[in-house]
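One structure below.
The values are calculated or read from the model by the stated rules, or taken from the named source; none is laboratory data. Predicted model, so just to flag it, every value in this text is computed and none were measured. Note: ideal-geometry Cβ built from the backbone for every residue, glycine included; neighbour counts use all protein chains shown.
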Amino acid sequence: MSPPRRVIVLGSTGSIGTQAIEVVRQAPDRFAVTAICAGGRDLALLTEQAAELRVAAVGVSRADLRDELAARLRDAWPSDAPLPEIIAGPPATVEIAARAADVVLNAVAGAQGLRATLATLDAGSVVALANKESLIAGGPLVTSRARPGQLVAVDSEHSAVAQCLRGGSTDEVRRLILTASGGPFRGRSRAELHDVSPAQALAHPTWDMGQLITTNSATLVNKGLELIEAHLLFDIPYDRIDVVVHPQSMVHSMVEFTDGATLAQASPPDMRLPIALALDWPHRVPGAAAALDWTTAQSWTFEPLDDEAFPAVELARRAGQAGGCAPAVFNAANEELVAAFHDGKVGFLRIVDVVAQVVDVWLSTQHAAAGNPGTVEDVEHAEAWARVQARAIAAGGD
């Protein structure tokens, strides 16, 4: 039997991170977590994870939490085992990501995950990518650095596509079909979305996620980001990637082949399945999640996306086709607008409307001529520009 795969978990106290550790806990013969890292909002959980897993290193992004974390670890650690190395401060995520491992799960929230993804690739480890923003923002910076098989998707949609692609060769693929639950406002017209409140936007019918991702699912920005990511992961042109609304969230995505066959990956909405698959790709982990119950009657429906009510997907497609740093601008501007929405500064419809204005300004100025980002600094400059523009346009009102 092969030795357990050495796993590093970035963002270990978040939703994806905790579920990844649950997968590891259920399959100790297959995985061994050697290092973990988190932002620092839940030191108690970070300490508990470190002690249970007996990791060699623990990272926390806030330097001011080093002493408290050290004290907690001393209290929780077995007396007969050496304490783990502690890395504290903003560079902690990147330093942990660069350590020797077989696979690094990047579940860091937001665009800050880009440097960690690049560090993992440079170290030669496989990236189990749950931080879609790092790929979207980095684009060719990431894909040009990755060896074949070094980038493995954790998102259920992209995991589904990867599984379906096993059913045929690349030249037999006609198109990818990403499924979307439709969020809490499926079926509403644009006019009916005018007075949506933050609380309503956070009431997702299927998934339990944080503020940013849940709001992105309500606006369909999340599906736009996934469209860009699908293009980058699978090298399929944008005009051959579609989105279909599937409220039951049982079919996670599909691949249509040139002979007319469509393969779909179906399972209950449980992130442990794609997480487990990403940690040991291309091998499946027995018992990772529950299977569908075919003894119970059920109906699945599929419907076209309403681009008028939810224009975010087509806006993302336009940003992706423009290339360069346009996807990074789209993503950063959206993060600013989501924060403004939850602060009561803009209405729900203004989120995507203002993002569209920011993207238009970017594409109509000299910024668009910059080409693909050559460095992380190029990406960070574009993101900073987008955030300033987004705040300025949002502050101007309707």
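Brief remarks on what is shown
- Residue match in region 233-241 (condition: surrounded by fewer than 24 Cβ atoms within 10 Å (Cβ to Cβ) and of a type in the set (Val, Ile, Thr)): yes
- Filter pass, Pro78 being on the phi < 0 side of the Ramachandran plot, assigned by TED's automatic domain parsing to the domain that holds Leu129 and out of contact with any helix residue (DSSP H, G or I) (no Cβ under 8 Å at 6 or more places or on another chain): no
- Options Ser189, Ser156; residue that is buried (at least 16 other Cβ atoms within 10 Å of the Cβ), hydroxyl-bearing (Ser, Thr, Tyr) and under 30 Å from Arg350 (Cβ atoms): Ser156
- Residues in region 1-54 that are surrounded by fewer than 24 Cβ atoms within 10 Å (Cβ to Cβ), hydroxyl-bearing (Ser, Thr, Tyr) and under 21 Å from Val285 (Cα atoms) were compared, and the one that is farthest from the chain's Cα centre (by Cα) is Ser2.
- Apart from one condition, Asn334 fits all of (1) modelled with pLDDT under 95; (2) in a helix (DSSP H, G or I); the exception is (1).
- Scanning region 247-268 for residues that are closer than 14 Å to Gly182 by Cα, touching a strand residue (DSSP E or B) at 6+ places or on another chain (Cβ under 9 Å) and surrounded by fewer than 24 Cβ atoms within 10 Å (Cβ to Cβ) returns Pro247, Ser249, Met250, Val251.
- Of the residues making up region 85-108, those that are without any contact (Cβ under 8 Å) to a residue 40 or more places away in the chain and buried (at least 17 other Cβ atoms within 10 Å of the Cβ) are Ile86, Ala88, Val94, Glu95, Ala98.
- Region 29-43 - residue that is in a loop (DSSP other than H, G, I, E, B) and either of a type in the set (Asp, Glu) or modelled with pLDDT of 95 or more (or both) and, of those, farthest from Ala109 (Cα to Cα): Asp29
A quick yes/no check of all residues on (1) more than 18 Å from Tyr238 (Cα to Cα); (2) among the polar types (S, T, N, Q); (3) surrounded by fewer than 16 Cβ atoms within 10 Å (Cβ to Cβ); (4) not assigned by TED's automatic domain parsing to the domain that holds Ala137:
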{"site": "Thr295", "(1), (2), (3), (4)": "yes, yes, yes, yes"}
{"site": "Gln298", "(1), (2), (3), (4)": "yes, yes, yes, yes"}
{"site": "Asp307", "(1), (2), (3), (4)": "no, no, yes, yes"}
{"site": "Pro327", "(1), (2), (3), (4)": "no, no, no, yes"}
{"site": "Ala333", "(1), (2), (3), (4)": "yes, no, no, yes"}
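- Qualifying residue in region 45-64 (condition: charged (D, E, K, R), closer than 22 Å to Thr18 by Cβ and touching a Gly at 6+ places or on another chain (Cβ under 7 Å)): yes
- Those strands (runs of 3 or more DSSP E) of region 204-309 in which 2 or more residues are within 20 Å of the chain's Cα centre (by Cα) and in contact (Cβ under 8 Å) with a residue 60 or more places away in the chain occupy 241-245, 251-257.
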